[in-house]
Amino acid sequence: MSGPGFRVLRAGVEHIELLAPLFDAYRQFYQQTSDSAAAEEFLRARLANDESVVFLAQDDDGNAIGFTQLYPAFSSVRLRSMWILNDLYVTPSARRQGVAVALMHQARQHAIETAAGGLELQTGEDNAAAQALYRDEGWKLEEGYLHFFLDVD
């Protein structure tokens, strides 16, 4: 998949050096301390162990400009596999150029190709730009459920 000035590909371990800085920037966007080595190690483990699927957007010069990471999940209610669109990030200089949309379309296509029941994601309540993008792309806010988290650290 591609757009004007960029292309999207499925990333492998060979793309870690391109992905790690983006992943670290994504984490910083969510108020995490920068840790390039840990970001690289985390991504390498996910990809090497086939625990996630990452799609990478590159500009025409081969620079990494965005990514999305999907994790497999299952729905007992739907009796189907699903994908969690856990991470979506586009560099500030590449925003509003269709990169996020292309990454989301690639994630949707992957869900179709793997016969998944759907995709799900969560975002911050204050991330209005992301929420608008998701709605524009046909995502629906699932009402009637509350999201809980138990920190076990």
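Table for the structure above
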{"item": "Residue count, the range 90-100 (criterion: touching a residue at least 60 places away in the same chain (Cβ under 8 Å) and within 20 Å of Arg27 (Cα to Cα))", "result": "3"}
{"item": "Filter pass, Ser81 being closer than 28 Å to Pro21 by Cα and out of contact with any helix residue (DSSP H, G or I) (no Cβ under 8 Å at 6 or more places or on another chain)", "result": "no"}
{"item": "Options Arg46, Arg7: the member that is closer than 23 Å to Gly98 by Cα and among the basic types (Lys, Arg)", "result": "Arg7"}
{"item": "Cβ pairs under 8 Å, 6+ apart, first in the range 107-122 and under 17 Å from Leu133 (Cβ atoms), second among the polar types (S, T, N, Q) and in a strand (DSSP E or B)", "result": "Ala107/Thr68; Leu121/Asn86"}
{"item": "Filter result for the condition that a residue is among the hydrophobic types (A, V, I, L, M, F, W, C), in a helix (DSSP H, G or I) and surrounded by 17 or more Cβ atoms within 10 Å (Cβ to Cβ), over Ala37, Ala102", "result": "Ala102"}
{"item": "Which listed residue, of Val8, Val54, is among the β-branched types (Val, Ile, Thr) and touching a Lys or Arg at 6+ places or on another chain (Cβ under 9 Å)", "result": "Val54"}
{"item": "Index of the failed condition, Tyr89 passing every other in (1) modelled with pLDDT under 95; (2) of a type outside the set (A, V, I, L, M, F, W, C); (3) touching a strand residue (DSSP E or B) at 6+ places or on another chain (Cβ under 9 Å); (4) under 18 Å from Phe23 (Cα atoms)", "result": "(1)"}
{"item": "Sole residue being at pLDDT below 95, polar (S, T, N, Q) and either under 19 Å from Gln122 (Cα atoms) or more than 14 Å from the chain's Cα centre (by Cα) (or both), chosen from Gln97, Gln106, Gln69", "result": "Gln97"}
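The values are calculated or read from the model by the stated rules, or taken from the named source; none is laboratory data. Just so you know, these numbers come straight off a predicted model, no measurement behind them. When we count neighbours, we look across all protein chains shown, and the Cβ atoms used for this are built from the backbone with ideal geometry, even at glycine.
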